[in-house]
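Take a look at the structure set out below.
Throughout, read-outs are computed from the coordinates displayed, never taken from laboratory work. Keep in mind that this is a model prediction, so the values were computed, not measured. Heads up, the Cβs are rebuilt from the backbone with ideal geometry, glycines too, and the neighbour counts pull from every protein chain shown.
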């Protein structure tokens, strides 16, 4: 990566009115799905992805696909990746050691992807990745005849896949830990011999990401039927070839700037977010609207006008990546804010419920933590050293407090490189009144 970061970063309050227009980088979630689909679809003339995000998570995916024998021509300066056609089998490499760092999307999508191959594949990551659950996906792959196991026997990476391809059939998977398991199975389904019928058991978390996966598969020509709730029938093969694909700006990244408008009672426009968007996190602006902000949507993007804020009681299961953002905004509202139904975020880059509660208490907020969420009651705020737990969303979300409170210092600000390497450059440029 081209960015360099200090060990700690002190933030300074913003004074005066704020009117800012910004373009955020491409969506990480869409970029990694597009890379998988373009690699597997193997369009005769290749597929060019436009607007791709350069970050640790997407570089991990590119590196792993290359180790699997796929040919990718990467131009980060132009935000483009060309995925060339292969004359080899579906998964070119018969053996590979893949390092996914702390990219959950990468290790889960790739565990399913390599199951289409013929050979042995080992997938590993950083220490935190070795604590993140993947057993539900491994159990599903076993139902399809794949030898898939947790090397340490604890249901977490490293993962070892001994694959002989997947014929297809019916598979059942739980959806209450991560939606990425279901997305992983959906993306490989058209490339099996007979397709897949996927039955979901239990509650599905982060459902908008499944909608994203489905819409992207259909844009690649997949045939998907949902005869009843929790059942996905995906036929083998694709209808036609996609030779290019444009990636939306990242709605999760946009949430920090929308939240800044709320905290500063200013105006912030994020360019390029389409209506409707593939990304569920655009609904974060609806929560800001409930808190008192005014939201404008147009073909050019989304604008949030900050207004005096009131606390809300909100189920954030569908937009759980924005919990840390809302937690910071809640500190500046009148009355408590309750965030519900997000217990699954305890299994992310860190236990995000516990971490958010601890850091908001440091700056003076009153926080009640419970199993599936937390309640934040505003109190007079003060500066503090903010721990990020190597979690990009903790760093970016808690930066909001520093917009109004002096003495806020972010430890390990470089963790933002996971999804938004240029965040601090964009964040500290509030003097730009464009």
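General remarks:
- Here the contact order of the chain, divided by its residue count and restricted to Cα pairs under 8 Å and six or more residues apart, works out to 18 percent.
- Segment residue 151-residue 239, length gained on full extension (0.36 nm per residue, minus Cα span): 27.9 nm
- For the stretch 169-187 versus the stretch 312-368, the gap between their alpha-carbon centres in whole angstrom: 26 Å
- Helix-only arithmetic for the chain: the sum of -39500 (n - 2.57) across DSSP H runs with n ≥ 4, divided by the residue total, places the mean residue ellipticity at 222 nm at -8500 deg cm²/dmol.
- Cα convex hull volume per residue for the stretch 209-312 (Å³): 114 Å³
- Once Kirkwood radius over Cα pairs in Å is calculated for the structure shown, the corresponding label among [x] 29.1; [y] 22.1; [z] 29.8 turns out to be [y].
- Peptide packing for 102-114, 289-301 was compared via the average number of neighbouring C-beta atoms within 10 Å per residue; ordered from the highest value, the list is 102-114, 289-301.
- Length gained on full extension, residue 290 to residue 66: 76.1 nm, using 0.36 nm per residue less the C-alpha separation.
- With one equal scatterer per alpha carbon and no solvent term, the Debye-computed log10 I(q)/I(0) for the stretch 7-164 at 0.11, 0.12, 0.20 1/Å reads -0.50, -0.57, -1.24.
- From most to least packed by mean Cβ count within 10 Å, the peptides 175-181, 17-23 give 175-181, 17-23.
- Considering only the chain, percent of DSSP beta bridges that pair antiparallel, nearest 5: 65 percent
- Relative contact order computed over the stretch 28-233 (Cα-Cα under 8 Å; 6+ residues apart), in percent: 15 percent
- Ranked by the mean number of other Cβ atoms within 10 Å of their residues, highest first, the peptides 40-50, 187-197 come out as 187-197, 40-50.
- Separation of the stretch 21-51 from the stretch 282-308 is 27 Å, based on Cα centroids.
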